[in-house]
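K.L.:
Here it is, the structure, as C-alpha cells.
No lab work stands behind these numbers, since they all come straight from the coordinates. Computed from a prediction, not measured in an experiment: that's the story for all the values here. Cβ placement follows ideal geometry from the backbone for every residue including glycine, while neighbour counts extend to all protein chains displayed.
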Amino acid sequence: MLVVFGSVNIDLVFSLPVLPGPGETVLGAAYQVAPGGKGANQAVAAARDGASVRFYGCIGRDEFGRMARDSLAAAGVDVTGLREGVRPTGCAAVCTDAAGRNLIAVASGANLDARSEQVPDAVLRPDTTLVLQMECPSVEVAALIGRAKARGCRIVLNLAPALPLDGFVLQAVDVLVLNEGEAAAVAAAHGIEAPEAAGLARRLTGAFGCTSVITLGSLGALAARAGEVWSVGALPIEPVDTTGAGDAFTGVVAAALDRGLPLPEALHRASVAGGLACLAAGAQPSLPAVAAIERRLANLVPATRLP
C-alpha cells in the first residue's frame with residue numbers, strides 16, 4: 001500500500017507561444033483549469049498504475065477543493081485523510097510554451113495547514129510505502145519521516161522543491177528522487193561535490209545511505225544504490241507539456257517498488273510514464289493509465305547498469 005502525504009493544488013494552465021520574461025505580457029488563446037499539486041499528482045499517478053493509495057493533505061472549503069477531492073477519488077485514491085483547512089485550496093499558474101517547457105508560480109494556500117498527525121500510526125507499517133514531497137511545511141515532512149522510519153515503512157521522498165532538510169532526516173529516507181537542479185542544491189547544502197550526474201547520485205547515496213534517483217528530462221534518469229548505478233533513457237516523444245512528468249515518474253517508481261519490482265524495472269516503467277505525461281496539457285489529466293504504460297514499455301530500452 002502507498003500512503004502519500006503532500007500538496008493539493010488547482011492548476012491554471014496557460015498555453016503560450018513563448019514563456020514570459022520579467023515585466024513581459026504574452027498573450028495566449030486559451031487556458032485550462034486542472035487538478036494538480038505534487039502530492040496529489042503522485043498519488044493519482046500511482047493509482048493509475050494499479051497501486052492501492054491513501055492520500056493525506058489539506059484543501060480549502062471552496063470549489064477548487066471539491067474539484068481536487070473529486071479528481072483524487074475518481075482515480076481510485078482513498079481520500080478519507082484529506083481534510084479541509086481555513087485557507088483556500090492551493091493554486092498554481094502554469095505557463096507552457098510551444099516546445100512544452102513550463103514556468104510555474106504556486107500559492108500554497110491550504111497546503112500550509114497539512115499536518116503529519118493526519119497520518120495515523122495504523123497505516124505506517126512495514127508493508128507501507130510512504131511518499132512525500134516538499135510543498136507542505138518541511139517541519140511536518142520531517143516529523144512524518146521520523147515516525148515512518150521508526151515503524152519500518154519504506155520512505156520515498158521527492159525533494160521538490162529543494163528546501164533544506166537536516167542530514168539525519170535524509171538518512172532516514174530509503175529512496176530520494178530529485179531532478180538535476182534539486183540534486184545540485186542538496187549537494188551544495190551538504191558539501192557534496194561531483195562533476196556529473198552519475199557521480200553525484202553515487203555521492204548522495206554515500207552521504208545519506210539511500211537509493212538516489214536523479215531525473216534528467218529528455219535524457220532519462222539515473223539511480224544509485226550501494227555499489228551500483230543504473231541508467232534509463234527517455235521515451236521518444238514530441239512533448240506537448242512537461243508539467244506533471246516528474247510526478248508521473250515519482251508516483252510510478254514508488255508504485256513499482258511497492259509491489260516488489262526490482263529497481264531497474266521500476267526505473268524503466270517510471271521513465272515511460274514520465275514520457276507519456278508530456279503528451280497532454282495539465283498535470284493530472286496527462287498522467288497515464290496502467291494499460292498505456294504497458295503498451296509503451298517495449299518502446300524504451302530497459303535500464304542498464306553503468307560501470
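K.L.:
Note the full-extension length gain between T304 and E196 as 0.36 nm times their separation in residues minus their Cα-Cα distance, in nm to one decimal.
P.N.:
37.1 nm
K.L.:
Within a 10 angstrom radius of the beta carbon, how do S15, S116 rank from fewest other beta carbons to most?
P.N.:
Placing the least packed residue first, the sequence is S15, S116.
K.L.:
What FRET efficiency comes out for the pair A143/A30, r = Cβ-Cβ distance, R0 = 35 Å, nearest 0.05?
P.N.:
Rounded to the nearest 0.05, the efficiency is 0.25.
K.L.:
Taking springs between alpha-carbon atoms closer than 10 angstrom, which of G217, G28, G244 fluctuates most in the Gaussian network model of the chain?
P.N.:
With Cα springs under 10 Å in the chain, the top fluctuation among G217, G28, G244 is at G28.
K.L.:
Something else: Lys and Arg at +1, Asp and Glu at -1: add these up for the other residues within a Cβ distance under 13 Å of I104 and post the number.
P.N.:
Around I104, the surrounding residues sum to -3.
K.L.:
Relative to the Cα centre, what is the charge dipole magnitude of the chain, using +1 at the beta carbon of each Lys and Arg, -1 at the beta carbon of each Asp and Glu, and rounding to the nearest 20 debye?
P.N.:
About 620 debye.
K.L.:
Quick one: which residues, 5+ away or cross-chain, put their amide H under 5 Å from the amide H of Y31? H built at 1.01 Å from N.
P.N.:
Here nothing satisfies the definition.
K.L.:
Right, next: Taking H placed 1.01 Å from N in the peptide plane, check which residues at least 5 places from L306 or on another chain put their amide H under 5 Å from its amide H.
P.N.:
Long-range HN contacts for L306: V229, W230, S231.
K.L.:
A further question on this structure: Take the alpha-carbon centre of segment 260-304, take the same for segment 110-160, and report the distance between them in whole Å.
P.N.:
Taking the Cα centre of segment 110-160 as reference, the centre of segment 260-304 is 25 Å away.
K.L.:
Further, regarding this structure: Choose one of S231, Q284, P35: the residue whose Cα lies farthest towards the positive end of the charge dipole of the chain (beta-carbon charges +1 Lys, Arg; -1 Asp, Glu; about the Cα centre).
P.N.:
S231
K.L.:
Could you identify which residue out of G23, G246, G181 has the top mean-square fluctuation in a GNM of the chain using Cα springs shorter than 10 Å?
P.N.:
Maximum among the listed residues: G23.
K.L.:
What residue among G146, V26, L124 has its Cα farthest toward the positive end of the dipole of the chain, where the charges are +1 on Lys, Arg and -1 on Asp, Glu, each on the Cβ?
P.N.:
L124
K.L.:
Follow-up. Mind putting a number on the dipole of segment 27-95 about its Cα centre? Charges go on the C-beta only, +1 for Lys and Arg and -1 for Asp and Glu, and I need it in Debye to the nearest 20.
P.N.:
140 debye
K.L.:
Among A185, A198, A105, whose mean-square fluctuation peaks in a Gaussian network model of the chain (Cα, cutoff 10 Å)?
P.N.:
Of A185, A198, A105, the Gaussian network model singles out A105 as fluctuating most.
K.L.:
Another question, if that's okay. If you place +1 on the Cβ of every Lys and Arg, -1 on the Cβ of every Asp and Glu, and leave all else neutral, what size is the dipole of segment 53-190 about its Cα centre, to the nearest 20 Debye?
P.N.:
Approximately 280 debye in magnitude.
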